[in-house]
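The structure appears below as structure tokens.
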Amino acid sequence: MDFLWLLEGIRTPSMDKIMQVITYFGQELILVGIICFLYWCVNKKLAYQLGFTYFSAGLIVQTLKISFRIPRPWVLDPSFHAVESAVPDATGYSFPSGHTQGASSFFFPLFTWTRKKWLKVLCIFAPLCVGFSRMYLGCHTPKDVLASLGVSALCTWLIWHFRALFLEDSPHSRSVFAAMLIFSAGAAIYALLLLKNGIVTEELASDCCKAAGAGMGFAVGWYLERTRIRFSTAAKNRRIQAAKLICGLGMLLLIKGGLSFILGTSILAKMIEYFILILWIIVIYPAIFQKILGTAQET
């Protein structure tokens with residue numbers, strides 16, 4: 001808390017706005033949108049590496065949150081005040097930092113792909129900036145940020161080291177699929193057990209179950225795409241690529257709104273919603289545009 005008090009003492013209105021913008025680069029919506037662009041239009045293998053890192057690290061972080069159950073800084077010290085604009089997005093427990101995990105799970109894998117020194121520097125600097133912004137805004141302590149950086153770095157290294165299993169054709173694809181599915185389902189069961197025993201509230205268990213639903217959707221989608229769809233990111237021109245991206249993201253938002261309306265807001269409903277949304281990204285939409293573009297090329 002001493003470091004957070006130090007940062008509170010140097011806050012200014014303009015710096016508050018800058019840090020709020022920086023912290024957005026750790027938010028789910030922006031990161032998933034970029035991964036969609038890479039997956040649908042640029043490089044499937046890179047997107048798969050990002051996806052495995054992002055969802056695996058996310059599951060670990062959410063499980064740690066409900067395991068340690070460390071309150072936010074303003075709860076630990078009622079006299080401390082976070083930047084007001086950052087509080088609404090600071091849901092759940094404090095340890096570890098979800099925004100830092102999101103940013104580092106995105107940029108650390110990019111570090112392993114690029115050979116450009118300036119881009120490697122950016123891939124290290126960007127998540128550090130997001131982590132610092134979370135502390136500046138008063139939403140996390142240094143311990144929260146460092147733990148997330150460590151989890152993301154470990155997941156990045158493991159997936160890159162064993163990339164033949166995750167990114168290439170492998171006889172072990174079914175085992176990888178099963179492991180990811182069991183890992184995700186286990187996190188959901190753990191959160192629901194804590195909820196049933198009154199250890200956490202539904203609101204606090206919800207983030208873990210949403211991450212579990214997304215993880216299961218990614219596992220199923222990854223396996224089906226590799227064994228059934230095998231779509232190509234290529235298109236005739238950039239206009240088609242832009243249309244592909246815009247239509248996919250637009251439909252994703254419509255589906256999300258529709259699912260929320262139909263399924264409701266219960267913890268199980270949100271888990272199913274995230275499962276379907278990731279399944280749409282990974283396999284349903286690629287199957288649709290693969291069919292459309294294939295038909296167009298034949299005619």
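Taken together, the values in this text are just the output of simple stated rules run on the coordinates, not laboratory data. Here the structure is a predicted model, which means the values were calculated and not measured. Here the Cβ is made from the backbone with ideal geometry for all residues, glycine too, and neighbour counts use every protein chain on show.
Taking 0.36 nm per residue of separation and subtracting the current Cα-Cα distance, fully stretching the chain between H172 and T227 would add 18.6 nm. Relative to the Cα centre, the charge distribution of segment 152-233, modelled as +1 at Lys and Arg Cβ and -1 at Asp and Glu Cβ, gives a dipole magnitude of about 260 debye. Working from label points 7 Å from Cα in the Cα-to-Cβ sense, the A242 to L165 distance is 4.2 nm.
Using the Cβ-Cβ distance between S260 and I182 with R0 set to 41 Å, the FRET efficiency from 1/(1 + (r/R0)^6) comes to roughly 0.90.
Pairs of Cα atoms under 8 Å, at least six residues apart: use those to get the relative contact order of segment 169-290, whole percent.
Relative contact order, segment 169-290: 34 percent.
In segment 169-290, the convex hull through the Cα atoms has an average projected area of 8.4 nm², a quarter of its surface area.
A Gaussian network model of the chain, with springs between Cα atoms under 10 Å, assigns the largest mean-square fluctuation among P78, P142, P127 to P78.
About the centre of its Cα atoms, segment 178-299 shows a dipole size close to 560 debye [charges on the beta carbon of Lys, Arg (+1) and Asp, Glu (-1) only; nearest 20 debye]. Work from the charge dipole of segment 104-260 (Cβ charges, +1 for Lys and Arg, -1 for Asp and Glu, about the Cα centre) and give the residue of G150, F177, F106 farthest towards its positive end. Going by the charge dipole, the pick is F106. The listed peptides 97-109, 267-279, ordered by packing as a protection proxy, come out as 97-109, 267-279 (highest mean of other Cβ atoms within 10 Å first). The angle between the Cα long axis of helix 173-196 and the main principal axis of the chain comes to about 40°, on a 0 to 90 degree scale. Per residue, the convex hull spanned by the Cα atoms of segment 61-135 amounts to 88 cubic angstrom. Take every Cα pair under 8 Å whose residues are at least 6 apart in sequence, average their separation, divide by the length of segment 1-168, and the relative contact order is 33 percent. Just checking the listed ones, G213, G58, G150: in the Gaussian network model of the chain with Cα springs under 10 Å, the one fluctuating most is G150. Amide hydrogen proximity for F95: with H placed 1.01 Å from N in the peptide plane, the residues at 5 or more positions away or on another chain lying under 5 Å are I70. The C-alpha atoms of the chain define a longest principal axis, and helix 44-68 lies at about 30 degrees to it. With the convex hull of its Cα atoms as the shape, segment 1-168 has an orientation-averaged projected area of 10.1 nm².
Write down the Kirkwood hydrodynamic radius of segment 203-249, to one decimal in angstroms, obtained as one divided by the mean of 1/r over all alpha carbon pairs.
13.2
Under the simplified labelling scheme, the W5-D89 pair shows an inter-label distance of 2.8 nm, with each label point 7 Å from Cα along Cα→Cβ. If R0 is 22 Å, the Cβ-Cβ spacing of K120 and L146 corresponds to a FRET efficiency of close to 0.60.
Relative to its Kirkwood radius, the Cα radius of gyration of segment 190-229 gives an Rg/Rh of 1.24.
What angle do you read, to the nearest 10 degrees and between 0 and 90, between the alpha-carbon axis of helix 238-263 and the longest principal axis of the chain? Helix 238-263 sits at roughly 60 degrees to that axis. Give, as ranges by residue number, the residues of segment 56-94 whose backbone N falls under 15 Å from the point 7 Å along Cα→Cβ of Q27. Those under the cut-off are 84-91. Beyond 25 Å in Cα-Cα separation lie the following of the pairs K44/K236; K45/K236; K65/K210; K45/K117; K143/K196: K143/K196. Charges were assigned to the Cβ only: +1 to each Lys and Arg, -1 to each Asp and Glu. The resulting dipole of segment 1-168 about its Cα centre is roughly 680 debye. Evaluate the Debye formula for the chain with equal point scatterers sitting on the alpha carbons, no solvent, and hand back log10 of I(q)/I(0) at q = 0.10, 0.15, 0.16 Å⁻¹, in q order, two decimals. The calculated log intensity ratios at q = 0.10, 0.15, 0.16 Å⁻¹ are -0.57, -1.23, -1.37.
Just the number, please: Stokes-Einstein D of segment 122-163 in µm²/s, Kirkwood Rh from C-alpha pairs, 20 °C, 1.002 mPa s.
Estimated via Stokes-Einstein, D reaches 194 µm²/s.
A straight chain from K17 to A234 at 0.36 nm per residue would run longer than the Cα-Cα distance by 74.2 nm.
Quick one: compute the contact order of segment 42-126, relative version, from alpha carbon pairs under 8 angstrom and 6+ residues apart, as a percent.
On the way: 64 pairs, mean separation 31.0, N = 85.
Averaging sequence separation for qualifying contacts and normalising by length gives 37 percent for segment 42-126.
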